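Inspection log for the structure reproduced underneath, given as structure tokens.
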Amino acid sequence: MIAQLQGRLVEKNLTDVVIDCHGVGYLVEISLHTYSQLPDNEQCKLYTYMQVREDAHRLFGFAEKSEREIFKLLLSVSGVGANTAHTMLSSVAPTQIAQAIASEDVRTIQSVKGIGAKTAQRVILDLKDKILQVLDNPEISIVASNTGRDEALSALETLGYARKQAQKVVDKILSNQPDATVEDLIKQALKQL
């Protein structure tokens, strides 16, 4: 119904903003990712998704179209509602969510508050094929075929490195060397961390 809003940013909070569009103020719920990309009290444009239910009409805003598309995909999964999808996009960057789904990284998805193992597996199962079609992004690729990835990440975590940081480094190594062994991954990652 409302696909985007463009206007003056009147109010900016961590979870929502008010955008003045020709005298009408729209309350739009946003993720922390979008919050970090919005200017203060200036003209802005948000891609929106309007959810209409019997008990509420909610407007969700996104700085990028890709974030909105991920939100819509998450809503299509049984057991994932607007609040859960919104929390996911606030906890993990949209590209990281897409990468986690594409590479079947249950742990990253499960790291979001309120997401259990079954829901994380359902998200991956339902969206694995769809996520790559919707997001035509060369940064997102399927790197799960390398079984050593999870082993390398576990080893790096055991050594005290943060999982998200280690994951970025390991994925970068795998994009250059898809056939790298677990030992190679750990050695190269330790040099970069």
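A few remarks follow.
- Proximal aspartates and glutamates to residue 128, defined as alpha-carbon separation beneath 13 angstrom and excluding residues fewer than eight positions away on the same chain: 104, 105
- The stretch 75-120: mean projected area of Cα convex hull, nm²: 2.8
- Computed per residue of the chain from DSSP H runs no shorter than four, each worth -39500 (n - 2.57), the mean residue ellipticity at 222 nm is -14500 deg cm²/dmol.
- Between helix 117-134 and the chain: long-axis angle, C-alpha atoms, 0 to 90°, nearest 10: 80
- Most to least packed among 51-57, 163-169, 9-15 [average Cβ atoms within 10 Å]: 163-169, 9-15, 51-57
- Over 27 Å [Cα-Cα, the chain], rounded percent: 36
- Taking the protein heavy atoms of the stretch 1-105 in the context of the full set of protein chains, the accessible area attributed to carbon and sulfur is 47 percent at 1.4 Å.
- Distance histogram in 10 Å bins (all Cα pairs of the stretch 11-101, percent per bin): 16, 52, 27, 5, 0
- When each of 113/191; 164/187; 65/168; 168/191; 12/130 is checked by Cα-Cα distance, pairs over 21 Å: 113/191; 65/168; 12/130
- Computed with every protein chain present, the accessible area of residue 78 is close to 80 Å² [probe 1.4 Å].
- Surface analysis of the chain yields an accessible area of 54 Å² per residue, using protein heavy atoms and a 1.4 Å probe.
- Residue (of 1, 109, 180) at the positive-pole extreme of the chain, dipole from beta-carbon charges: 109
- Dipole magnitude for the stretch 1-159: computed about the Cα centre from +1 point charges on Lys and Arg Cβ and -1 point charges on Asp and Glu Cβ, it is near 260 debye.
The values are calculated or read from the model by the stated rules, or taken from the named source; none is laboratory data. Note that the coordinates shown come from a computational prediction; the quantities given were computed from them, not determined experimentally. Because the Cβ atoms are built from the backbone with ideal geometry, glycine has one as well, and the counts that use them run over all protein chains shown. Areas reflect the complete protein model, heavy atoms only, side chains present, ligands, DNA and RNA absent. Shrake-Rupley method; radii C 1.70, N 1.55, O 1.52, S 1.80 Å.
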